[in-house]
Amino acid sequence: MPELCTSSPDVVVVGGGIIGLSTAWRARERGLSVTLLERDTAGQGTSHVAAGMLAPVSEAEFGVAGRRLLELGLGSARMWPGFAADLERASGEQVGLLQAGTLTVARDEDEARELERRLGFLAELGLPAERLRASAARERELGLAPTVRLAIESPDDHSVDPRCVLRALRRACDAAGVRIREHAAVESVELDDAGERVMGVRLGAGERVRADRTVLAAGPWTGEIEGLPAAAQVRVRPVKGQILRLRDPAGPGLLTRVVRFAGGYLVPRADGRYALGATVEEKGFELTPTAGGVYELLRACSELVPGIDELQIEELSVGLRPGTPDNVPAIGRGALQGLVWATGHYRNGVLLAPLTAELVVAALVDEPPAPPADACRPDRSRAVPA
């Protein structure tokens, strides 16, 4: 059967999660013709099960990789209000941006000591964070248990509803003229005869899609795409996460802000729903939920927010985060001409969507990269030990 070569857009984006959709939308706004290829249904993969925390301060980590991720996270968090406003105007959909801050709480003395250490770390970095006694924390969140020992409030760490964002992005892409093709799994990239330039991609059925620029935004499936020489690859692995969707039949009010704790988090939505997550499991592409994972999430959370015992379980989901060797994303031009990376966002895909789209579009139109681009250079990940 002869191979079919389809029309050639300016850009082909591989992956229809929040990163791929955001990139496609912003690229189309810049006047580029865009085709997006999604292996399943756009917006129904990893991004669909994400909690939606915009929390660079609460998730700040020690070490060089932690500093890189913090730089990216702070920059993208500042972009989110404008990004949300643009997206709501373009789509006519609300994105569920909740700007109420985050509480990180300790349930015993060991965790309280760790929070004290963390407060010192955040102070060294000049990040906004307030130490709260247990009584002050319970005044802010009446749903907290009286056994809470200590808390840190991060006023600039917020949240968004990823499913609302994905619906809005789909509408914005459709309205802008992005061509979205679902159930179009990419098997490999296509190189020129010299092996120096990416010319597009080949689908599983043998169809080729040619493009001037190819953006790999396939999340945990990025590493399954063949055709790149070893020296041009970025290592991406899937990291399993189990997450519960809960609903309060009485409506919103149990919590007003995100509550984080050792081993998980509880993220409120405006309609009385909550996301409780999430496990971190190195299980490859295994997607089976487990009783042990769910039990640990519920047990740990109920010790701090007893009211969750009365919530209804609406959904148990399993997602695959895309991790790199240092868990910092790979964003920007690849080693080959015509190739741009937008993958490896691990637990921060929702947070980093606005910044990723900006950096990728700058690469697509040959603009100088913004300063954060150095923190997520794709060639960086190849130098990091597994």
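The values are calculated or read from the model by the stated rules, or taken from the named source; none is laboratory data. Fair warning: this is a prediction, and the values are worked out from it, not measured in the lab. Cβ placement follows ideal geometry from the backbone for every residue including glycine, while neighbour counts extend to all protein chains displayed.
Among residues of segment 298-322 being more than 27 Å from Ser47 (Cβ to Cβ) and acidic (Asp, Glu), the one that is surrounded by the most Cβ atoms within 10 Å (Cβ to Cβ) is Glu303. A count restricted to segment 115-155 and to residues that are among the acidic types (Asp, Glu) and touching a strand residue (DSSP E or B) at 6+ places or on another chain (Cβ under 7 Å) stands at 3.
For segment 152-166, the criterion of being buried (at least 17 other Cβ atoms within 10 Å of the Cβ), farther than 25 Å from Val49 by Cβ, touching a helix residue (DSSP H, G or I) at 6+ places or on another chain (Cβ under 6 Å) and not hydroxyl-bearing (Ser, Thr, Tyr) is met by at least one residue. As for segment 307-321, it holds at least one residue that is in a strand (DSSP E or B), over 18 Å from Val267 (Cβ atoms) and modelled with pLDDT of 95 or more. Taking residues in segment 283-312 that are in contact (Cβ under 8 Å) with a residue 12 or more places away in the chain, and partners anywhere that are among the polar types (S, T, N, Q) and surrounded by fewer than 17 Cβ atoms within 10 Å (Cβ to Cβ), the pairs with Cβ atoms closer than 6 Å and at least 6 places apart or on different chains are Ile308/Ser302. The set of residues in segment 73-96 that are touching a residue at least 60 places away in the same chain (Cβ under 8 Å) and in contact with a Leu (Cβ under 8 Å, 6 or more places away or on another chain) comprises Gly73, Gly75, Ser76, Ala77, Met79, Trp80, Ala84, Leu87, Ser91, Glu93, Val95. The residues in segment 89-115 that are assigned to a helix (DSSP H, G or I) and within 21 Å of Val258 (Cβ to Cβ) can be counted, and the count is 4. Take the residues in segment 360-373 that are touching a residue at least 12 places away in the same chain (Cβ under 8 Å) and surrounded by fewer than 24 Cβ atoms within 10 Å (Cβ to Cβ); name whichever of them is nearest to Val11 (Cα to Cα). Checked segment 360-373; the qualifying residue nearest to Val11 (Cα to Cα) is Leu364. Among the residues making up segment 244-288, those that are of a type in the set (Gly, Ala, Ser), surrounded by 15 or more Cβ atoms within 10 Å (Cβ to Cβ) and either at pLDDT 95 or above or not in a loop (DSSP other than H, G, I, E, B) (or both) are Gly264, Gly272, Ala275, Gly277. Restricting attention to segment 61-83, the residues that are surrounded by fewer than 21 Cβ atoms within 10 Å (Cβ to Cβ) and either of a type in the set (Gly, Ala, Ser) or part of a loop (DSSP other than H, G, I, E, B) (or both) total 8.
What are the residues in segment 116-126 that are without any contact (Cβ under 8 Å) to a residue 60 or more places away in the chain, under 30 Å from Pro81 (Cα atoms) and assigned to a helix (DSSP H, G or I), if any?
Scanning segment 116-126 gives Arg118, Leu119, Gly120, Ala123, Glu124.
What about Ala24, is it among the hydrophobic types (A, V, I, L, M, F, W, C), crowded, with 23+ Cβ neighbours inside 10 Å, over 15 Å from the mean Cα position of the chain (by Cα) and part of a helix (DSSP H, G or I)? Yes; evaluated as a whole, the condition is true for this residue. Restricting attention to segment 323-353, the residues that are in contact with a helix residue (DSSP H, G or I) (Cβ under 9 Å, 6 or more places away or on another chain) and surrounded by fewer than 24 Cβ atoms within 10 Å (Cβ to Cβ) total 11.
Six or more apart or on different chains, Cβ atoms under 9 Å: show the pairs whose first residue is in segment 174-188 and at negative phi and crowded, with 16+ Cβ neighbours inside 10 Å and whose second is modelled with pLDDT of 95 or more and aromatic (Phe, Trp, Tyr). Pairs that qualify, where the first residue is at negative phi and crowded, with 16+ Cβ neighbours inside 10 Å and the partner is modelled with pLDDT of 95 or more and aromatic (Phe, Trp, Tyr), are Ala176/Trp25; Val178/Trp25; Ala185/Trp221; Val186/Trp221.
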